[in-house]
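Values quoted throughout were computed directly from the atomic coordinates according to the rules given, and no laboratory measurement underlies them. Quick caveat: nothing in here was measured; it's all calculated off a predicted structure. Cβ sites come from the backbone with ideal geometry, for glycine too, and all protein chains shown count toward neighbours.
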Amino acid sequence: MIRIWTLMVVLTMAGVAAAQEARPLAENPQVEARLKVLAVELRCLVCQNQTLADSNAPLAEDLRREVREMIAKNMSDQDIINFLVERYGDFVLYRPPLRATTTVLWIGPFLLLAVAGTVLIMALRRRQKTLPDVVVSDADHERVVQLLSDGAKHP
Amino acid sequence: MKRFLLPLAIFLVMVGFLAVGLTLNPREVPSPLVGKAAPDFVLPQLHEADKVFSPKELTGKVWLLNFWASWCNGCKEEHPVLMELAKSGVVPIYGADYKDTREEALAWLRRWGNPYQLVAVDEAGRVGINYGVYGVPETYVIDKAGKIRYKQIGPVDQDVLDKKILPLVRELQNQ
């Protein structure tokens with residue numbers, strides 16, 4: 001048991017030793033600020049569920065370098081995004097644009113909501129119709145009140 | 001009995017969607033570059049570092065551009081297929097050595113064989129970005145006018161070669 005613990009401690013230490021120093025930010029803070037805003041909108045192509053900002057994949061690093069250089073060249077955000085879309089397609093965008101191919105994506109949820117709402121309303125109406133109209137006479141009403149109050153006294 | 005029909009129908013539709021989803025490969029991102037001109041570049045050659053290579057030199061030919069690297073597993077996987085293709089001489093294969101070191105790339109080719117007419121060195125991966133490469137190996141079929149006609153993401157296997165790449169190459173060569 002002790003041996004296992006020692007092994008675990010040693011292994012953990014190795015992990016700490018292997019961890020790299022945090023990378024220093026690039027010199028220009030303005031460029032970094034713009035990169036930060038842009039990079040969360042862009043998808044890393046390798047680890048597909050991460051943004052360009054989060055990913056440590058070599059390609060993400062290269063793409064951040066490209067974006068940094070484009071920012072330094074004073075290109076607009078739209079130009080930078082176009083540069084990447086031209087090469088990697090709409091997939092690099094975390095917010096897909098409204099196109100013929102993405103209409104289902106954009107309209108689908110609202111369509112589903114409308115269908116579900118209509119079904120709900122129809123079901124409610126149908127149920128209302130099946131409920132019989134029962135006329136309760138005063139005498140019956142009295143009896144119900146009587147029974148309920150008796151029940152409360154003798155549980 | 002009738003009230004189970006609707007849930008069953010919804011369930012079946014969902015199963016249908018999920019079944020189709022299972023057959024799709026999320027790694028395959030369709031390239032917007034297919035049908036467009038292959039991005040131009042000038043890169044140093046691998047074997048003769050003082051010489052350069054540019055796709056312009058190949059105008060009028062149908063050729064394959066294969067991005068690879070000595071560190072890439074998929075490249076080893078497709079390598080025998082490329083060797084066979086090179087031997088057949090049907091279509092010339094040009095390599096782009098992606099984010100690699102010269103020594104390791106040369107050693108890799110010496111060890112496993114060289115299917116390429118010529119290898120260009122893309123050390124910083126910039127040409128790769130221009131081609132929309134997001135993981136090696138990737139292979140492009142480029143026509144006589146210098147347009148990209150097909151992009152293979154991941155290793156080229158015999159099946160893809162026989163069913164897609166070779167028929168396309170023949171068609172383009174006859175144009």
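Test of understanding: extend the Cα→C-beta vector of residue B:13 to 7 Å, then name every residue of segment A:99-139 with backbone N under 18 Å from that spot. Label zone hits: A:103-123.
Straight-line cross-link reach from residue A:129 at under 24 Å between alpha-carbon atoms covers these lysines, not counting any fewer than eight positions away in the same chain: B:2. Rounded to the nearest whole Hz, the Karplus-based 3J(HN,Hα) values (6.51 cos²θ - 1.76 cosθ + 1.60, θ = phi - 60°) of segment A:133-146 follow the sequence 7, 9, 8, 9, 6, 4, 4, 4, 4, 4, 5, 4, 4, 4, with x at glycine and proline. Unpaired cysteine residues in the protein assembly as shown (no second Cys Cβ under 4.7 Å): A:44, A:47. Kindly provide the trypsin sites (Lys or Arg not before Pro) of segment B:45-138 that DSSP labels as loop, not H, G, I, E or B, and whose Cβ sees at most 11 other Cβ atoms within 10 Å. Those satisfying the criteria are B:51.
With both partners inside segment B:85-165, how many of the DSSP beta bridges are antiparallel, as a percent to the nearest 5? Before the final figure, lay out each step's value.
Details: 5 of 10 bridges.
Around 50 percent antiparallel, to the nearest 5.
Which order do peptides B:38-48, B:130-140, A:60-70, A:108-118 fall in by mean Cβ count within 10 Å, highest first?
Values: B:38-48: 15.7, B:130-140: 23.4, A:60-70: 18.9, A:108-118: 10.2.
Peptide ranking by packing, descending: B:130-140, A:60-70, B:38-48, A:108-118.
Quick one: if you take sqrt(5λ) for each eigenvalue of the C-alpha gyration tensor of segment A:25-97, what semi-axes come out, biggest first, whole angstrom?
Here the semi-axes work out to 18, 14, 10 Å.
Looking at this model, which pairs from A:36/B:36; B:36/B:163; B:61/B:163; B:36/B:87 are more than 25 angstrom apart at the alpha-carbon?
A:36/B:36; B:36/B:87
Between residue A:76 and residue A:102, full extension at 0.36 nm per residue minus the direct alpha carbon distance yields a gain of 6.8 nm.
Within chain B, helices built from complete DSSP H runs that reach 18 Å or longer along their own axis (Cα positions) and carry a mean Kyte-Doolittle hydropathy of 0.5 or higher are B:5-23.
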